[in-house]
1. On average, how much area does the Cα convex hull of the range 75-222 cover when viewed from any direction, in nm²?
2. When the dipole is taken about the Cα centre of the chain, and only Lys, Arg (+1) and Asp, Glu (-1) are charged at their Cβ, what size is it in debye, to the nearest 20?
3. How fast does the range 213-264 diffuse by Stokes-Einstein, in µm²/s, taking the Kirkwood radius from C-alpha pairs at 4 °C and 1.567 mPa s?
4. Quick check on my link table: of 12/165; 165/209; 9/263; 36/200, which ones sit more than 28 Å apart, alpha carbon to alpha carbon?
5. State the extension gain, in nm to one decimal, for the chain segment bounded by residue 223 and residue 9, taking 0.36 nm per residue of separation less the distance between their alpha-carbons.
6. Using a Förster radius of 35 Å, what is the FRET efficiency between residue 22 and residue 213 based on their Cβ-Cβ separation? Nearest 0.05, please.
7. Order of 75, 184, 238 from fewest to most other C-beta atoms within 10 Å?
8. Given the options 82, 70, 163, identify the residue whose Cα lies farthest towards the positive end of the charge dipole of the chain (+1 on Cβ of Lys, Arg; -1 on Cβ of Asp, Glu).
Amino acid sequence: MTKNPTYHKYVKDYNPGNDDIRHLRILLYGPVGAGKSSFINSVSSVLRGRMTTPALTSATTSDKSFTTRYETHRIIKEGRGQSKTYYPFIFNDVMGLEKGGGVCAEDIILALKGHVKEGYKFNPSSPLSDDDPGYNPRPSADDQVHVLVCVLSANSAEIPDSVLKKMADIREAASELGIPQMAIGTNIDSACPETKKDLKNVYKSQHLKQKVKDFSAAVGVPENYIFPVKNYSDETDINDDVDTLILNALRQMINLGDDFIYKM
Ligand SMILES: Nc1nc2c(ncn2[C@@H]2O[C@H](COP(=O)(O)OP(=O)(O)O)[C@@H](O)[C@H]2O)c(=O)[nH]1
Ligand SMILES: [Mg+2]
C-alpha cells in the first residue's frame with residue numbers, strides 16, 4: 001500500500017456540498033476501549049502529517065466508571081492560537097453500550113437528531129428529558145448527525161447480547177432518520193500477527209476476513225461498509241500504511257455524510 005495521494009487530497013480539500021451546513025457531524029459509537037478516541041487522534045495525525053496527541057484516549061480500557069460528556073472534537077487544519085482553522089468534518093464519540101452503565105440508547109438517538117447540547121453530561125440511569133438545560137429543542141442542520149459509525153475492536157471477545165440490542169436500537173433509529181451508517185474494525189494489528197508484521201496483509205488475512213463477517217452478522221452493517229483500521233497507538237512516527245487505512249475509512253465517512261446533507 002503506498003499512501004494514496006488522491007484520498008489525502010480529497011479529504012484535505014473537502015467542503016460540504018450544502019451551503020447551509022458548515023460541517024459534517026460524524027458520530028462514533030461503540031464499547032469502551034474499542035478505539036473511538038484513538039481513531040479521532042489518528043485522523044488528526046494523518047492530516048497534520050505528524051503525531052498529535054490531544055489528551056483524548058483512555059489510559060486504561062477497563063475503567064468503565066468515568067462519566068462522559070457530549071463533546072465535539074475538531075481537527076485543526078492550519079494556524080495556531082486565535083487564527084486556527086478547522087476541517088469541515090467534526091466528530092462526536094459516545095461510549096457506553098455496556099450493560100448496566102454508559103450512555104442510554106435513547107440518548108444516542110437524541111444525539112442523532114441534534115437534541116443533545118455540547119457539554120451535556122450523560123446520566124447512565126436516565127435519559128435526557130426535554131425540560132433539561134442540556135436538551136436542545138430546536139436543532140439546526142449542523143447539530144444533527146450526518147454519519148453514524150460503529151466502532152468495534154477486532155481484538156475483543158464476543159459482544160454481549162445486551163450490547164447488541166442497544167446497538168440495534170440505535171441503528172434502527174438512524175435508518176428511520178435516513179442517516180447513513182458504516183463501521184470500522186480497529187486493532188487489526190493486535191488481532192492478527194500477520195497483519196501486525198505488515199499492514200499490507202490486511203485484506204489477505206483469513207482471520208480478519210472472518211472477523212468482518214462476524215461483525216457484519218452481529219451488527220447488521222454490510223461487509224463492504226466495514227473498514228479495517230489500525231489506529232496510531234504507541235508509534236512515534238507517521239506510517240504510510242496506517243495512513244492509507246485511516247484515510248480510506250475517513251473518505252467513506254465523508255462520502256456518506258455528503259450524500260446525506262445533499263438531500264437535506
Ligand atoms: N494496537 C492498537 N491499539 C489500539 C488501537 N486502537 C486503540 N488502541 C488502544 O486501545 C486503548 C483504548 O483506545 P481508546 O481510543 O481510548 O478507546 P475508546 O474508549 O473507544 O475511546 C488505547 O490504549 C489505545 O492506544 C489499534 O488499532 N491498535
Ligand atoms: Mg474514548
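1. 11.5
2. Using only the charged Cβ atoms, the result is roughly 600 debye.
3. Value of D from the Cα-based Kirkwood radius: 100 µm²/s.
4. Flagged as over cut-off: 12/165.
5. 74.4 nm
6. 0.35
7. 238, 75, 184
8. Positive-end residue among those listed: 82.
Readers should treat all values here as calculations from the given coordinates under stated rules, not as data from a laboratory. This one's a predicted model, so the numbers in the text were calculated from it and none came from an experiment. As a convention, Cβ positions derive from the backbone with ideal geometry for all residues, glycine included, and neighbour counts pool all protein chains shown.
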